[in-house]
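Here is the structure we will look at, set down as C-alpha cells.
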Amino acid sequence: MRENIYLQIYNDYSSRIHSGQLPPGAKLPSESELAESYGTSRETVRKALNLLFREGYIHKIKGRGSFVLDMTRMDFPVTGLISFKEMGDTLGGPSRTLVEETVQEPAGSMPARQLQIPEDALIWKVTRAREIEGERIILDKDYFRADIVPFLSRDIAAGSIYEYLEGELGLKISYAKKLISVEPSTEEDHRLLDLKKYTHIVVVRNYVYLENTVLFQYTESRHRLDKFQFVDFARRVRR
C-alpha cells in the first residue's frame, strides 16, 4: 500500500545494513535521490530516515547526509551496576584502561553539588579512558567522597576500583540512579577518545549509593555513540 512506502524504505535499508551490503560509515542517498528512486515524496523519505535514526541504524550529520552506524555495538546495561573490568570480561576482545589522573582535591562546585557535600570537602577525582579492540571509546570521570574512600592510586584505578572498595575497604555498594543524555562532545572528549567524525557523545551520569543509602560516588561515563547501545528489560504492568 502506498501509505506504507516509508516502511518499505526502512525495511530495504535496515536489511542492507544488517547484511553488510551497506557497511559502517557508508553514506545513504540523499532525500531527493530516495524520493525519486521510490517514486514518493521527500516527507515520506524523511519519515523512513527518522525511523532508521531512532532504531540506531544511521547517524545524521547536518549538511552532509545520513551515514550507517556500526551495528556490532556492545550492550551496556542501563539498570545494572557493573564495573568496566566486569563488563570487559564478557566482551571477548582485548580491552584496557588508560588512567589520565587520580588526584585528591577539594570538591569544588560541580562535584560538591552532585555529591551533596561542601565545596571544600575532599574528594578523589579519577579520569580514565576505556579502550576496546584498540579504540578509546569511553571516558569515565569518577568523583568519590574522600571521607568514605580515604585512599586511591593509579594502580587501583587501572584495575578495578569496585574490586578494591568492596574487597579491601569492605564497602557495600548497593544501587545507583542513572541519567542518560546525548550532548555535544568537549575538547577533553576529543583529546582522550577516538571520536572520529562524531560531534556528540552519550553521557551516563551515575549517582552511586552504599547499602546505608549514603551517596558516595558521582560518575560521568561518556560513550562514543556509534559503539554502545543501552539495553534494559521492561515488563508491562496491567492495572
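The values are calculated or read from the model by the stated rules, or taken from the named source; none is laboratory data. Just so we're clear, the structure is a prediction, and the values are computed from it rather than from any experiment. Don't worry about glycine lacking a Cβ; one is built from the backbone with ideal geometry, like all the others, and counts go over all protein chains shown. When the accessible area is computed, the model is the full protein with side chains, heavy atoms only, and any ligands, DNA or RNA have been set aside. Shrake-Rupley method; radii C 1.70, N 1.55, O 1.52, S 1.80 Å.
I'd like the residue in segment 133-142 that is in contact with a helix residue (DSSP H, G or I) (Cβ under 8 Å, 6 or more places away or on another chain) and open to solvent by 10 Å² or more (accessible area, probe 1.4 Å) and, out of all such residues, is farthest from residue 165 (Cα to Cα). Lay out the reasoning, then the answer.
So in segment 133-142, the residues in contact with a helix residue (DSSP H, G or I) (Cβ under 8 Å, 6 or more places away or on another chain) come out as 136, 138-140, 142.
Keeping just the survivors that are open to solvent by 10 Å² or more (accessible area, probe 1.4 Å) gives 136, 140.
Details: 136: 25, 140: 17 Å.
Once the filter is applied, the top-ranked residue is 136.
Out of (1) modelled with pLDDT of 95 or more; (2) out of contact with any strand residue (DSSP E or B) (no Cβ under 7 Å at 6 or more places or on another chain), what's the single condition that is false for residue 149?
(2)
Collect the residues in segment 1-35 that are among the small types (Gly, Ala, Ser), more than 25 Å from residue 198 (Cβ to Cβ) and open to solvent by less than 30 Å² (accessible area, probe 1.4 Å), keeping them in residue-number order.
35
Quick check: anything in segment 87-96 at pLDDT 80 or above and either on the phi < 0 side of the Ramachandran plot or in a strand (DSSP E or B) (or both)? Working first, answer last.
First, pick out the residues of segment 87-96 that are at pLDDT 80 or above: 95-96.
Remaining after also requiring either on the phi < 0 side of the Ramachandran plot or in a strand (DSSP E or B) (or both): 95-96.
Within segment 87-96, one or more residues are at pLDDT 80 or above and either on the phi < 0 side of the Ramachandran plot or in a strand (DSSP E or B) (or both).
Looking for whichever is without any contact (Cβ under 8 Å) to a residue 12 or more places away in the chain and of a type in the set (Phe, Trp, Tyr) here; the options are 151, 144. Which one fits? Walk me through it before giving the result.
Numbers: 144 fails: without any contact (Cβ under 8 Å) to a residue 12 or more places away in the chain.
Only one candidate passes the filter, namely 151.
Could you tell me how many of the residues in segment 97-112 are touching a strand residue (DSSP E or B) at 6+ places or on another chain (Cβ under 9 Å) and without any contact (Cβ under 8 Å) to a residue 24 or more places away in the chain?
The initial filter retains those residues of segment 97-112 that are touching a strand residue (DSSP E or B) at 6+ places or on another chain (Cβ under 9 Å), namely 97-108, 110-112.
Subset that is without any contact (Cβ under 8 Å) to a residue 24 or more places away in the chain: 103, 105-106, 108, 110, 112.
Final tally of qualifying residues: 6.
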